[in-house]
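Remarks on the structure that follows.
The values are calculated or read from the model by the stated rules, or taken from the named source; none is laboratory data. Keep in mind the model is a prediction, meaning the values are calculated, not measured. Cβ atoms come from the backbone with ideal geometry, glycine included; neighbour counts cover every protein chain shown. Keep in mind that these areas ignore ligands, DNA and RNA; they rest on the heavy atoms of the full protein, side chains included. Shrake-Rupley method; radii C 1.70, N 1.55, O 1.52, S 1.80 Å.
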Amino acid sequence: MSVAFTKEGDSEAFAADLPDRPISTHPNLVTPEGLAQIEAELASARAAYSAAQSAGGAADGDRTAMARATRDLRYWSARRATAQLMERDPDKTAVQFGDRVTFEREDGRVQTFRIVGEDEADPAKGSVSYVAPIARALLGKGVGDVSPAPGGEVEITRIG
């Protein structure tokens, strides 16, 4: 058997065995923006799946594209099915899911993060998951509260 056929077979086996994306065991809490993001990702996964099917499906087309599209469709379908839309309670003044929180660290650094769902978290863009250690340290606290957090204590200076 030619080496080329062996490598092709290995590639096809890899595509067929593409592992599922891990799904968190935490509740799938989402902001309205996070729900819209999940729905957009689900629509994109459906489009990628349709495109992969149109290209010939698993029998004749690009098996890797089909496997990736199928995996993403399963993931985003599961995330949409379990999404729990969280609305902010306007009567509460403590940090809640969906809030943007500004805090000062012991070394004088001031940081601001929005506490969001796991799929929409992007620390580089100013959002952290509600299960992140810094978010857990801030949730339920009010302006002026000091809380132990990773890297030392933080003092909340603004919510909103």
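Considering amide H positions built from the backbone, and no H for Pro or chain starts, which residues 5 or more places from N28, or on another chain, come under 5 Å of its amide H?
Q84
For the chain, give the magnitude of the charge dipole about the Cα centre (Cβ charges: +1 Lys/Arg, -1 Asp/Glu; no others), in debye to the nearest 20. Provide the component values of the computation, followed by the final result.
Working: 19 positive and 25 negative charges, 28 e Å.
The calculated dipole for the chain is roughly 140 debye.
Ordered by residue, what ³J(HN,Hα) values in Hz, to whole numbers, does the range 19-26 give under the Karplus form 6.51 cos²θ - 1.76 cosθ + 1.60, where θ = phi - 60° and Gly and Pro are x?
Here the 3J(HN,Hα) series is x, 5, 6, x, 10, 4, 8, 6 Hz.
Ignoring ligands, DNA and RNA, what percent of the 1.4 Å accessible area of the range 23-160 is carbon and sulfur?
Answer for the range 23-160: carbon and sulfur cover 51 percent of the accessible area.
Would you please classify the overall shape of the chain from the alpha carbon gyration tensor, given that a ≥ b ≥ c denote the square roots of the eigenvalues, rounded means a/c under 1.5, and beyond that prolate means a/b larger than b/c while oblate covers the rest?
Details: a/c = 3.97, a/b = 2.38, b/c = 1.67.
It comes out prolate by the Cα gyration axes.
Can you give the local net charge around A135? Use residues other than it whose beta-carbon is closer than 14 angstrom to its beta-carbon, Lys and Arg +1, Asp and Glu -1.
Net charge in that neighbourhood comes out at 0.
I want to check the label-to-label distance for L85 and E33. Put each point 7 Å from Cα in the C-beta direction and report it in nm to one decimal.
1.7 nm
Just the accessible area per residue of the range 100-146, please: how many Å² with a 1.4 Å probe?
I get 50 Å² per residue for this part.
Skipping prolines and chain starts, which residues have an amide H placed within reach, meaning under 5 Å, of the one on A121, given they are 5 or more residues away or on another chain?
Answer set, sorted by chain and number: none.
For the chain, what is the calculated [θ] at 222 nm in deg cm²/dmol (nearest 500), taking -39500 (n - 2.57) for each run of four or more DSSP H residues and dividing by its residue count? Numbers along the way, then the final one.
Details: 5 runs with 67 residues, N = 160.
The helix contribution divided over the chain gives -13500 deg cm²/dmol.
Rounded to the nearest 5, what % of DSSP beta bridges with both residues in the chain are antiparallel? Could you put the intermediate results ahead of the total?
Details: 15 of 20 bridges.
Rounded to the nearest five, the antiparallel share is 75 percent.
Tell me which of F97, Q53, T82 sits at the most positive position along the dipole axis of the range 33-112, charges placed on C-beta atoms (Lys, Arg +1; Asp, Glu -1).
Toward the positive end, the furthest listed residue is Q53.
What does the charge add up to near V95, with Lys and Arg as +1, Asp and Glu as -1, over the other residues with Cβ less than 13 Å from its Cβ?
Summing Lys/Arg as +1 and Asp/Glu as -1 gives +3.
Calculate the dipole size of the range 102-160 relative to its Cα centre from +1 charges on Lys and Arg beta carbons and -1 charges on Asp and Glu beta carbons; express the result in debye to the nearest 20.
For the range 102-160, the charge dipole is close to 120 debye.
Non-local amide H neighbours of V154 (under 5 Å, H modeled in plane, Pro and chain starts lacking H): which ones?
Counting only residues 5 or more places away or on other chains, the set is S147, A149.
Between A78 and S54, how many nm apart are label points set 7 Å from Cα along the C-beta direction?
It is 2.8 nm.
What is the distance in Å between the Cα centroid of the range 110-160 and that of the range 68-106?
Using only Cα atoms, the two centres lie 13 Å from each other.
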